[in-house]
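Trainee: Next up is a structure, given as structure tokens.
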Amino acid sequence: MESGNAFKFKNITAIILAGGQSRRMGRDKASLPLGEQTLLEQLIEQLAGRFQEIIISVSKGQPYPLNNVRQVEDRYENAGPLAGLLAGLQASSSDISLVVPCDQPEIDLGIVRDMLQVLDQHDLVYPRLDGQIPHPLFALYRRSLWPVIEKLIIEGKLSVLHLLTEVKAVALDIPASRLPWHLNSLEDYQNYLHYLKRKRTK
């Protein structure tokens with residue numbers, strides 16, 4: 001992961017998607033302990049001071065015990081990540097927002113810089129891993145997309161991939177090795193804990 005010490009995006013909002021049911025994990029992902037922090041706290045720490053604001057998108061009635069971080073609730077239940085995207089973008093004070101899934105424990109801000117450089121007149125920029133796998137939940141979104149997202153939810157088209165075909169979206173091809181960690185399952189989580197242990201003992 002590229003060092004993010006030099007990166008600041010003061011005109012961009014960071015939105016962490018922390019809602020959802022975490023079926024494969026079997027427990028709330030955002031609250032997973034990583035040493036003395038939770039996964040959500042680790043993400044906030046990586047983003048703090050680098051963006052105009054941080055917004056946490058949470059499931060209705062399930063806020064997290066956090067101080068000094070704005071949380072917004074999904075208005076649509078059982079609508080997947082689109083509901084979180086909608087709530088976050090509606091609450092954002094920026095034209096452009098970085099969306100981060102709460103199961104991605106490490107943020108390569110160099111990718112954010114690269115996505116920003118190709119955003120131009122597009123509505124959305126997302127990484128495409130190894131030229132094949134779209135990853136639209138770690139991406140740059142314009143706030144103006146929220147009416148399109150709400151329309152898809154109302155129509156029952158709940159996959160984020162539907163959104164890519166409805167707007168001016170562009171892919172940024174990167175090696176999958178630049179986004180190595182996605183904690184979708186208990187096994188993923190345990191592997192990441194082992195990685196952190198090895199990293200700390202080096």
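The values are calculated or read from the model by the stated rules, or taken from the named source; none is laboratory data. All values derive from a computational prediction rather than experimental measurement. Here the Cβ positions follow ideal geometry from the backbone for every residue, glycine too, while neighbour counts run over all protein chains shown. All accessible areas refer to the heavy atoms of the entire protein, side chains included, with ligands and DNA or RNA removed. Shrake-Rupley method; radii C 1.70, N 1.55, O 1.52, S 1.80 Å.
Trainee: Binning every alpha carbon pair distance of region 135-202 at 10 Å from zero, what are the percents per bin?
Mentor: Pairs per bin, as whole percents: 15, 34, 27, 18, 6, 0.
Trainee: Ordering SER144, SER59, SER97 by accessible area with a probe of 1.4 Å, largest first, what comes out?
Mentor: SER144, SER59, SER97
Trainee: Based on the inverse mean of 1/r over its pairs of different Cα atoms, what is the Kirkwood hydrodynamic radius of region 1-125, in Å?
Mentor: 15.0 Å
Trainee: Using 0.36 nm per residue, how much length does the chain from ARG27 to LYS199 gain when fully extended, once their Cα-Cα distance is taken away?
Mentor: Length difference between fully extended and current span is 59.4 nm.
Trainee: Placing +1 at every Lys and Arg Cβ and -1 at every Asp and Glu Cβ, with all other atoms neutral, what dipole size does region 148-202 have around its Cα centre, in debye to the nearest 20?
Mentor: For this selection, approximately 560 debye.
Trainee: Also, I was wondering about something else. Could you put VAL167, VAL118 in order of accessible surface area, largest first, with the 1.4 Å probe and the full protein assembly present?
Mentor: VAL118, VAL167
Trainee: Restricting to Cα pairs below 8 Å that are 6+ residues apart, what does the relative contact order work out to for the chain? Please round to a whole percent.
Mentor: 24 percent
Trainee: Rounded to the nearest 5, what % of the DSSP beta bridges within region 1-129 are antiparallel ones?
Mentor: For region 1-129, the DSSP antiparallel bridge percentage is about 10.
Trainee: How large is log10 of I(q)/I(0) for region 53-175 at q = 0.16 Å⁻¹ when the intensity is taken from the Debye formula with one equal scatterer per alpha-carbon?
Mentor: Debye output, listed in q order: -0.77.
Trainee: Just to compare against my own numbers: the Cα pair-distance distribution for region 92-143, 5 Å bins, whole % per bin, please.
Mentor: 5, 19, 30, 29, 13, 3, 1
Trainee: With every protein chain in place, what's the accessible area of ARG142 (1.4 Å probe, Å², nearest 10)?
Mentor: 40 Å²
Trainee: Using helices alone, I'd like the mean residue ellipticity at 222 nm for the chain: each DSSP H run of four-plus residues gives -39500 (n - 2.57), total over residue count, nearest 500.
Mentor: -9500 deg cm²/dmol
Trainee: Find how much the distance from ASP130 to ASN11 grows on full extension, using 0.36 nm per residue of separation minus their present alpha carbon separation; answer in nm with one decimal.
Mentor: Full-extension gain reported as 39.9 nm.
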